[in-house]
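Notes to accompany the following structure.
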Amino acid sequence: MRGPSSFYSTPLLMTQLTILRYPDSRLHTVAKPVAAVDARLKLLVSDMFETMYEAAGIGLAASQVDVHERLVVIDISEKHDEPLVLINPEIIWASEETRLGEEGCLSVPGIYDGVERSIAIKVTAMDLDGQLQTLAVEGMLAVCIQHEMDHLMGKVFVEYLSPLKRNRIKTKLVKQKKDDERDGER
Ligand code: NI
């Protein structure tokens, strides 16, 4: 699925951001709280949505575009019409019940593997109006929020996998990056 959301109606002002790719060490930076919901932050949010939609993703953490602040954008809808912005999110409750589900990540292209997550969570976060909201969510949205909030702690989902699997993924992505760079020089 591609195409920008109708939520933001200023496509000419939007910028595609570069998504860091595992194993880039910057992905392991712990994000700091967002200090103010101002024009800079709103522009960053719209650029992040544009970048996420263009990459056919359902979630993107600021960490992935090398901005180390506690900010996440999510849209799990097929039509890209349910944008969700979480500023300074905190998980205040997570179900003991977990489920193993397949995950992928825009920073780990082409890799999908199982991760165990709480099936339901409660999250507090500020919205774009600077209002503190509490969300109770389950299913795919709960998984997505947990995945994106891991990014803010410098954690990429492959770190839940065995060292053997993780090393295979690392090797594959390092080779892919070299191939991409070589192709770029031609
Ligand atoms: Ni991710």
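The values are calculated or read from the model by the stated rules, or taken from the named source; none is laboratory data. Predicted, not measured: the structure shown is a model, and the values here were computed from it. Quick reminder, even Gly has a Cβ in these numbers, built from the backbone with ideal geometry, and neighbours come from all protein chains shown. Please note that ligands, DNA and RNA were not included when accessible areas were found on the heavy atoms of the full protein model with its side chains. Shrake-Rupley method; radii C 1.70, N 1.55, O 1.52, S 1.80 Å.
Couple of notes before you dig in:
- Summed residue charge, Cβ within 11 Å of Leu152's Cβ, Lys/Arg positive, Asp/Glu negative: -1
- Charged neighbours of Leu86, selected by a Cβ distance under 10 Å, balance to -2 (K, R count +1; D, E count -1).
- Candidate cross-link partners of Lys172 among the lysines, defined by an alpha-carbon separation under 28 Å and a same-chain spacing of 8 or more, comprise Lys155.
- Helical runs (DSSP H, four residues minimum) scored at -39500 (n - 2.57) apiece and divided by the length of the chain put the mean residue ellipticity at 222 nm at -9500 deg cm²/dmol.
- Considering only Gly57, Gly104, Gly139, the mean-square fluctuation computed in a Gaussian network model of the chain, springs between alpha carbons under 10 angstrom, is largest for Gly139.
- For the chain, a Gaussian network of Cα nodes joined below 10 Å ranks Ile169, Ile74, Ile92 by mean-square fluctuation, and the top entry is Ile92.
- Exposure rule at most 10 other beta-carbon atoms within 10 Å, DSSP loop GluC sites (Glu not before Pro): the chain longest free segment: 98-186
- Residue-level accessible surface for Arg117, protein heavy atoms, 1.4 Å, Å²: 10 Å²
- Relative contact order [Cα under 8 Å, 6+ residues apart], the stretch 119-182, whole percent: 20 percent
- Cα pair count fraction exceeding 15 Å, expressed as % - the stretch 118-186: 70 percent
- Evaluated at q = 0.18, 0.32 Å⁻¹: base-10 log I(q)/I(0), Debye formula over Cα of the stretch 60-101: -0.74, -0.98
- Charge context of Asp47, other residues only, Cβ under 13 angstrom, K/R +1, D/E -1: -1
- Per-residue SASA entry for Arg70, accessible area with 1.4 Å probe, Å² rounded to 10: 30 Å²
- Surface calculation, 1.4 Å probe, protein heavy atoms: Thr98 sits at approximately 60 Å² accessible.
- More than 22 Å apart - percent of Cα-Cα pairs taken over the stretch 48-186: 42 percent
- For the stretch 93-142, projected area of the alpha-carbon convex hull averaged over all directions, nm²: 4.3 nm²
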